[in-house]
Amino acid sequence: MARRTTKNPPPDDDFEERILDIDVVDEMQGSYLEYAYSVIYSRALPDARDGMKPVHRRIVYQMNEMGLRPERGFVKCARVVGEVMGKLHPHGDSSIYDAMVRMAQPFSQRLPLVDGHGNFGSLDDQPAAMRYTEARMSGPAQLMVESIDEDTVDFAPNYDGQEQEPLVLPSAYPNLLVNGSSGIAVGMATNMPPHNLGEVVAAARHLIRHPNADLDTLMRYVPGPDLPTGGRIIGLSGIRDAYETGRGTFRMRATVSVQDVTPRRKGLVVTELPFNVGPEKVIAKIKDMVGAKKLQGIADVKDLTDRENGLQLVIEIKNGFNPEAVLEQLYKLTPMEESFGINNVALVDGQPLTLGLKELLEVYIDHRFSVVRRRSEFRRTKRRDRLHLVDGLLVALVDIDEVIALIRGSENAAQAKERLIGRFGLSDVQTQYILDTPLRRLTRFDRIELESERDRLNAEIAELTRILESDAELRKLVSAELAAVAKQYGTERRTVLLDSADTPVAAVPLEVADDPCRVLLSSTGLLARTTDTDSPLGGDGKRAKHDVVVSAVPTTARADIGAVTSAGRLLRMAVIDLPLLPETSGLPSLAGGAPIAEFLSLAEDERVLCLTTLDESSPGLALGTAQGVVKRVVPDYPSNKDDLEVITLREGDEIVGAAELRTGEEDLVFITDDAQLLRYPASQVRPQGRAAGGMAGIKLAEGARVISFTAVDPAGDAVVFTVARTEGTLDGGGEGTAKLTPFDQYPRKGRATGGVRCQRFLRGEEGLLFAWAGAAPARAATSTGAPADLPPKDPRRDGSGVPLAKSVAAVAGPA
């Protein structure tokens, strides 16, 4: 038991203190239930008819009362909040403004009810203060209060009894299903996802025509939620449970595509996130998971979201990892996949009920029947009252002279009123209207207008009576009005519905397998790898730009290879970093490669000559310099170094050619700018360590330089291609005379000898501009990588050349 003592007793000596004995259990139970009901009814749960909580309803109603319609200007949100708080909502301004902000956010509501001007926040950021932002009603909000002044809904006194507020809005469309709702009451909660307006209206219209329609039929029109932020919904069984029982769960997934975000890396580009998930939340979670080593394969995360392109979250994937497998990890460990628990709790006749899809539509449809019926009653009454006045005025106009004489002969207005009622049999209202009508309206033209108005009023009254007396006409009208709303404000579905995950990514390994592949280097400096280890690039004769491959090495996807430069360096590269040429119905093209500068840091005028494997069991590299030095490099490449010196060059010298020996039985071929060609077996060159400077490879005439060094398999079909320089032509460009000669026309000679002539110069030619020896069939390209034609074979080793149609900058054998 507990005692309750009256507070502040009057200062009277005879006052006897009154103590009430009450049961604590009864007191706490009563107080708690009163508080719980207040929260449920007045704060946390929406009404199933208009889908609004009291604060939302009061905001929309008060904005309508303030005249903030879509065609009017914006006003400060602080003004709206002040009006709502002062007249209707006896709570703090923050709760009103928070609700108003959410009603203006297109990522929170499928059909925003407030047209906001200013910073109304984002999924990651708070909105600006209400003194900075402006607002007005949106078009859909105006439909929520349409015909509210025609006695369509009940009103009740506000908190202090000085104002009237609606208990529900007319709601020209099913707002609860379209915009959803969420709230936590005492002992219960609601969580309803948004839906597509067109789909919900179509289901409602079908239910109006077929009241006994089952859930499966309604779900043909409403297959699932349509979230404002798009994305994908996985798990339709949970949605059906929610539509049947009012409770269910589904998973939301981000919309992601795999793209080449840099020339070296692939990435995941996120364009849509789950409902109520912001990009900053995703980024923070990814960084936490990467830092905790629970998420692998992520190189970087960038938020490129802007107003023009919308959401764009770029997640770069490390080379060597499958983007699909990384995406599966992201779905499991980050908010890129979230669950949504549907709990359709709403107020029906003041009682919280859990409703399925059909029940929600039925409650709304019954509400619209009531609204349209009451609106029709109101309009018919208004028109009948007006018709009554028009009939009285027409009676007066028939005997207007007598009416005027009768009024002039009366001592006062009351007598005139009694005499008119007695003479013409008019009602009190009609008589007063005649007395208040100015004389200027008693013309013949006004009589014609009044007769036309009478006919129009009779027709409208008949139409309204037909609607009120026919349930079929009422249903038809409600259905037509819903169709008009859907036509005006309906949009395409944004969310994709999937019964299950559309790609079985769980079976994809996280890391790329160490499968065999080939790395290719084009004449224009493009690098790429291909899983096709057998077919030559462009071997079917369909040559594309950049498809002349100057170097190709077999390797595996997770191995390293080396790039030999003209400065005598060997630079290590990871094969997995290189772009993979896509598999097509035909052969791939090296146009899908990436520039070598994306992978290696080269000095000015330094260029990559060839690629090589780092296999220490191979015969090693063969190098030739411009000053005639030759070297075979012992294949000793420390794994802890990415930049190795493979030759010590003399001052002013540079490497003009390099090749990886496959068997050690190849012939090494020097060609000089004075048209001397020397070939001898590679076995004549003793392998040396990486720091050695090489040995004499060819004996040069005074002023001559080596312009080509290659390794050729003497057992295979090979050719020699040379281009003479015309007098005045700069190096690296211009057309000249060219000659293509079988390789076997040139005899072997000893190392460090002078060689034999490979092209005879014509008048005006002063040396070789370009030369190459290698396996046939040879393919040529211009400096831009475009294919170029070679001349027919000339069996004369010292013959003159023929003119070229295009300038040749590179020649190579089969890739």
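Give me a count of the residues in region 204-214 that are surrounded by fewer than 24 Cβ atoms within 10 Å (Cβ to Cβ) and in a helix (DSSP H, G or I). The qualifying residues number 5.
Among the residues of region 797-810, the ones that are surrounded by fewer than 12 Cβ atoms within 10 Å (Cβ to Cβ) and part of a loop (DSSP other than H, G, I, E, B) come to 1 in all. For region 147-177, the set of residues classified as part of a loop (DSSP other than H, G, I, E, B), more than 23 Å from M85 (Cα to Cα) and not β-branched (V, I, T) consists of S147, E150, D151, A172, Y173, P174, listed by residue number.
Among residues of region 151-175 being more than 19 Å from A480 (Cα to Cα) and out of contact with any Pro (no Cβ under 9 Å at 6 or more places or on another chain), the one that is surrounded by the most Cβ atoms within 10 Å (Cβ to Cβ) is L169. Of everything in region 236-262 that is among the small types (G, A, S) and assigned to a loop (DSSP other than H, G, I, E, B), the residue that is nearest to D300 (Cα to Cα) is A254. Here D391 qualifies as touching a Lys or Arg at 6+ places or on another chain (Cβ under 8 Å), more than 30 Å from L218 (Cβ to Cβ) and in contact (Cβ under 8 Å) with a residue 24 or more places away in the chain.
Filtering Y221, Y159 for residues that are in contact (Cβ under 8 Å) with a residue 60 or more places away in the chain and aromatic (F, W, Y) leaves a single hit, Y159.
Of all residues in region 83-122, those being closer than 17 Å to K53 by Cβ, touching a helix residue (DSSP H, G or I) at 6+ places or on another chain (Cβ under 6 Å), outside any helix (DSSP H, G or I) and small (G, A, S) number 1.
Within region 758-792, the residues that satisfy the criterion of being surrounded by fewer than 15 Cβ atoms within 10 Å (Cβ to Cβ) and over 22 Å from A552 (Cβ atoms) are L762, R763, G764, E766, D789, P792.
Okay, residues lined up against (1) farther than 15 Å from E377 by Cα; (2) crowded, with 17+ Cβ neighbours inside 10 Å; (3) not aliphatic (A, V, I, L, M):
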{"residue": "T431", "(1), (2), (3)": "yes, yes, yes"}
{"residue": "S452", "(1), (2), (3)": "yes, no, yes"}
{"residue": "S470", "(1), (2), (3)": "no, no, yes"}
{"residue": "A480", "(1), (2), (3)": "yes, no, no"}
{"residue": "A486", "(1), (2), (3)": "yes, yes, no"}
{"residue": "Y489", "(1), (2), (3)": "yes, yes, yes"}
{"residue": "E492", "(1), (2), (3)": "yes, no, yes"}
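If the condition is being of a type outside the set (A, V, I, L, M), over 15 Å from L273 (Cα atoms), outside any strand (DSSP E or B) and without any contact (Cβ under 8 Å) to a residue 60 or more places away in the chain, then region 286-312 contributes K287, D288, G291, K293, K294, R307, E308. When region 178-198 is filtered for residues that are of a type in the set (A, V, I, L, M, F, W, C), closer than 18 Å to S108 by Cα and either in contact with a Gly (Cβ under 7 Å, 6 or more places away or on another chain) or part of a loop (DSSP other than H, G, I, E, B) (or both), the ones remaining, listed by number, are M192, L197.
Scanning region 249-265 for residues that are in contact (Cβ under 8 Å) with a residue 12 or more places away in the chain and surrounded by fewer than 21 Cβ atoms within 10 Å (Cβ to Cβ) turns up T249, R251, T255, S257, V258, D260, V261, T262, P263, R264, R265.
Scanning region 765-815 for residues that are more than 15 Å from T741 (Cα to Cα) and β-branched (V, I, T) yields T782, T784, V808.
Restricting attention to region 509-525, which residues are over 34 Å from the mean Cα position of the chain (by Cα) and within 13 Å of A574 (Cβ to Cβ)? Within region 509-525, C517, V519 meet the criteria.
Criterion applied to E359, E324 was being in a helix (DSSP H, G or I), surrounded by fewer than 21 Cβ atoms within 10 Å (Cβ to Cβ), modelled with pLDDT under 95 and of a type in the set (D, E), and the one residue passing it is E324. The residues on offer are D260, D288, D214, D303, and the sole one that is within 24 Å of Q105 (Cβ to Cβ) and charged (D, E, K, R) is D303.
From the list T784, T729, which one is hydroxyl-bearing (S, T, Y), modelled with pLDDT under 85 and in a loop (DSSP other than H, G, I, E, B)? None of the others qualify; the one that does is T729. Take A135 and decide whether it is touching a residue at least 24 places away in the same chain (Cβ under 8 Å), outside the structural domain of R380 (by TED's automatic domain parsing) and aliphatic (A, V, I, L, M). Yes, satisfied. The single residue among V669, V634 that is of a type in the set (A, V, I, L, M, F, W, C) and under 15 Å from A773 (Cα atoms) turns out to be V669.
Only one entry in D674, D653 is assigned to a loop (DSSP other than H, G, I, E, B), modelled with pLDDT of 90 or more and within 57 Å of the chain's Cα centre (by Cα), namely D653. Residues in region 543-581 that are hydroxyl-bearing (S, T, Y) and closer than 13 Å to L520 by Cβ: S551, T555. Taken together, L527, L497, L521 contain a single residue that is under 30 Å from F107 (Cβ atoms), in a strand (DSSP E or B) and modelled with pLDDT under 95, which is L497.
Is it the case that A459 is assigned by TED's automatic domain parsing to the domain that holds R373, closer than 29 Å to R380 by Cα and not β-branched (V, I, T)? Considered against the rule, which asks whether it is assigned by TED's automatic domain parsing to the domain that holds R373, closer than 29 Å to R380 by Cα and not β-branched (V, I, T), A459 comes out as yes.
The values are calculated or read from the model by the stated rules, or taken from the named source; none is laboratory data. Here the structure is a predicted model, which is why all the values come from computation and not from measurement. Positions of Cβ are backbone-derived with ideal geometry, glycine not excepted, and every protein chain shown enters the neighbour counts.
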